[in-house]
Amino acid sequence: MLFDWKQALLPYEQAVDELVIKFKGIRREYQNANMISPIEDVHGRVKTVASIIEKANRRNIPLDKAITSLEDIAGIRIICRFVEDIYEVIKLIKKRDGADLFIIEEEDYITNKKASGYRSYHITINYPMFVQGEYKKIKCELQIRTLAMNFWATIEHSLRYKFNRNIPPEIKNRLTVCAEAAYKLDEEMDKIKEDLLESQQFLEVKEQILDRILYNIHELYSRSGIKSNEYNYKFIKLYQEGNLDKLREFNSELETLLAETADTNGIS
Ligand code: 0O2
């Protein structure tokens, strides 16, 4: 009888779907708390049958054992902006160990890059699930890497396929140089991370104040018919100047005015 790959891979698909939702959920939690998430993006995939057969053959694994032996049938890729964020994500995963996932092993290809130049942090987990009413643990590989590491790995992966895993030495050398350049980029980005985060926070605070100002101008106009032109002009001028303190001051001015109009209108 023919092996039913579709049926066998179904639990892996479900595990990938659930894990993607969970990691995207972490990202959303940070955003809701107005914090910058260490997770930039999350992707998941189930290895194709062709890729499973190829890898099993390469590792001399009999086909009937391929699904249970290979660690990366189900794969989740977590993309971070900074190397530091990778370690933050690892901490978050370890906190869940024994709860909704079970860590089997870790491979730190960041500190110990592969000969190819590949960098990424791999965590193999068992993910508990109910499959057709039965409790099962599905093996899944989590790959955590930066945008720069992912860029390099994606290009190198395509070239591997193009050259049937035998990349010509000249291209291999270039890739090694590129891997180092990508890592240098990560190192430089980590150095300016604080400045980047500050500027991001600055933009977020500024956006909130701008929203508040526009809301207050609208309220002044709709509550008491105060001509909003004067305030609109002042707003545009301050907006162009971009000075956060002045925008804050202007917003306080509007809020005092609003409170006064509320008093005279008897609104409490
Ligand atoms: P896919 O699904 O096409 O990505 P090894 O440890 O070297 O004997 P392997 O397969 O590298 O064997 O196992 P490992 O280390 O667990 O790697 C699993 C996955 O990590 C790979 O899956 C890749 O996604 C990624 N990876 C590992 N090494 C490299 C590398 O040098 N370059 C790139 N681009 N990715 C790597 P697969 O099997 O490639 O399948």
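The values are calculated or read from the model by the stated rules, or taken from the named source; none is laboratory data. Here the structure is a predicted model, which means the values were calculated and not measured. We place every Cβ from the backbone using ideal geometry, glycine too, and count neighbours over all the protein chains shown. Just so you know, the surface numbers come from the protein's heavy atoms only, side chains and all, with ligands and any DNA or RNA stripped out. Shrake-Rupley method; radii C 1.70, N 1.55, O 1.52, S 1.80 Å.
Out of all the residues in the stretch 106-122, is one or more aliphatic (A, V, I, L, M), farther than 22 Å from residue 17 by Cα and either within 11 Å of the ligand (Cβ to nearest atom) or not assigned by TED's automatic domain parsing to the domain that holds residue 81 (or both)?
Yes; the residues of the stretch 106-122 include at least one that is aliphatic (A, V, I, L, M), farther than 22 Å from residue 17 by Cα and either within 11 Å of the ligand (Cβ to nearest atom) or not assigned by TED's automatic domain parsing to the domain that holds residue 81 (or both).
Given the condition free of Cβ contacts under 8 Å to residues at least 24 places away in the same chain, over 19 Å from residue 117 (Cα atoms) and aliphatic (A, V, I, L, M), answer yes or no: does some residue in the stretch 160-181 qualify?
The answer is no; no qualifying residue exists.
Could you tell me which numbered condition residue 131 fails, if it satisfies all but one of (1) at pLDDT below 95; (2) open to solvent by 30 Å² or more (accessible area, probe 1.4 Å); (3) more than 15 Å from the ligand (Cβ to nearest atom)?
Single failed check for residue 131: (2).
If you go through the stretch 247-268, how many residues are at pLDDT 80 or above and open to solvent by 90 Å² or more (accessible area, probe 1.4 Å)?
Going through the stretch 247-268 one residue at a time, the tally reaches 3.
Quick one: how many residues across the stretch 148-166 are within 12 Å of the ligand (Cβ to nearest atom) and modelled with pLDDT under 95?
3
What is the number of the single condition among (1) open to solvent by 20 Å² or more (accessible area, probe 1.4 Å); (2) more than 12 Å from the ligand (Cβ to nearest atom); (3) within 18 Å of residue 12 (Cβ to Cβ) that residue 96 does not meet?
All conditions pass for residue 96, except number (3).
Residues that are touching a Ser or Thr at 6+ places or on another chain (Cβ under 6 Å): which strands (runs of 3 or more DSSP E) entirely in the stretch 50-158 hold 3 or more of them?
Where strands (runs of 3 or more DSSP E) fall fully within the stretch 50-158 and carry at least 3 residues being touching a Ser or Thr at 6+ places or on another chain (Cβ under 6 Å), they are 134-146.
Filter the stretch 16-45 for residues that are open to solvent by 70 Å² or more (accessible area, probe 1.4 Å) and within 16 Å of the ligand (Cβ to nearest atom); which is farthest from residue 83 (Cα to Cα)?
45
Are there any pairs, at least 6 apart or on different chains, whose C-beta atoms fall under 7 Å, with the first in the stretch 184-196 and touching a residue at least 24 places away in the same chain (Cβ under 8 Å) and the second open to solvent by 90 Å² or more (accessible area, probe 1.4 Å) and not β-branched (Val, Ile, Thr), and if so, which?
Once the first residue is touching a residue at least 24 places away in the same chain (Cβ under 8 Å) and sits in the stretch 184-196, its partners that are open to solvent by 90 Å² or more (accessible area, probe 1.4 Å) and not β-branched (Val, Ile, Thr) give 190/84; 193/84.
What is the one condition in (1) assigned to a helix (DSSP H, G or I); (2) away from the ligand (no atom under 15 Å from the Cβ); (3) surrounded by 11 or more Cβ atoms within 10 Å (Cβ to Cβ) that residue 176 does not satisfy?
Only one criterion in (1) assigned to a helix (DSSP H, G or I); (2) away from the ligand (no atom under 15 Å from the Cβ); (3) surrounded by 11 or more Cβ atoms within 10 Å (Cβ to Cβ) is unmet by residue 176, namely (2).
Would you mind stating whether residue 12 is under 22 Å from residue 146 (Cα atoms) and either open to solvent by less than 40 Å² (accessible area, probe 1.4 Å) or more than 16 Å from the ligand (Cβ to nearest atom) (or both)?
no
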